Amino acid sequence: MNDPFIGMYPLQKISTIVYCVGWYLKLLVFPHPLTHDYYPYHVPKMNPTDLMTILSLLLILALVSISFYFRKKEKVAWFNVLYFFITVSIVSNLVFPVGTFMNERFLFMPSLGFSFLLRLFVAKRFGSWKQDFKNIDI
């Protein structure tokens with residue numbers, strides 16, 4: 001009852017977890033459709049060769065590698081991306097099973113990193129970011 005991955009092969013489990021993290025990233029940018037419960041198999045069982053699994057993995061790797069590349073130059077952005085992935089790893093079934101594939105309420109803490117990163121981007125793009133972040137070594 002508390003393990004939604006019963007009957008899945010290990011590669012299917014990892015692929016479904018990667019897909020769910022990609023789905024979380026999509027929900028942060030475009031929160032539609034939302035549901036009260038992502039019960040087992042509301043999220044489809046994924047395989048490593050599925051297009052959405054591959055796209056999710058590429059997106060995750062791109063975010064991590066871009067933020068790692070700019071970690072010296074953009075320390076605040078590096079921290080926020082790192083914060084997002086650390087907090088989402090806890091609820092993504094990667095560290096330990098949480099009893100469901102995913103849920104919007106699990107994005108409460110990871111969305112903080114995303115929100116700060118969005119604020120940094122908007123401030124740098126549209127104006128007074130030096131005044132807003134003058135006490136932070138950017």
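The values are calculated or read from the model by the stated rules, or taken from the named source; none is laboratory data. Fair warning: this is a prediction, and the values are worked out from it, not measured in the lab. Using ideal geometry, Cβ is built from the backbone for each residue, glycine included, and neighbour counts are taken over all protein chains shown. With ligands, DNA and RNA removed, areas are computed over all heavy atoms of the protein, side chains included. Shrake-Rupley method; radii C 1.70, N 1.55, O 1.52, S 1.80 Å.
Side notes on the structure shown:
- Heavy-atom accessible surface of segment 1-106: percent carbon and sulfur, 1.4 Å: 73 percent
- The stretch between residue 105 and residue 51 holds 16.8 nm of extra length on full extension. This uses 0.36 nm per residue minus the Cα-Cα distance.
- For the chain, the extents of the C-alpha atoms along the principal axes are 54, 29, 24 Å, listed from largest to smallest.
- For the chain: lysine pairs under 18 Å (alpha-carbon distance), excluding those fewer than 8 apart on one chain: 11
- For the chain: accessible area per residue (Å², 1.4 Å): 66 Å²
- Peptide ranges 107-119, 55-67, 28-40 listed from the most packed, as the mean C-beta count within 10 angstrom indicates: 107-119, 55-67, 28-40
- Tilt relative to the chain, helix 51-69 - C-alpha long axis, 0 to 90 degrees, to 10: 30 degrees
- For residue 102, the residues whose amide H sits under 5 Å from its own are 38, ignoring neighbours fewer than 5 places away on the same chain, with H placed 1.01 Å from N.
- Per-residue ³J(HN,Hα) for segment 113-120, Karplus 6.51 cos²θ - 1.76 cosθ + 1.60, θ = phi - 60°, Hz, x for Gly and Pro: x, 5, 5, 5, 5, 5, 4, 4
- In degrees, nearest ten, helix 10-29 long axis to first principal axis of the chain (Cα): 40 degrees
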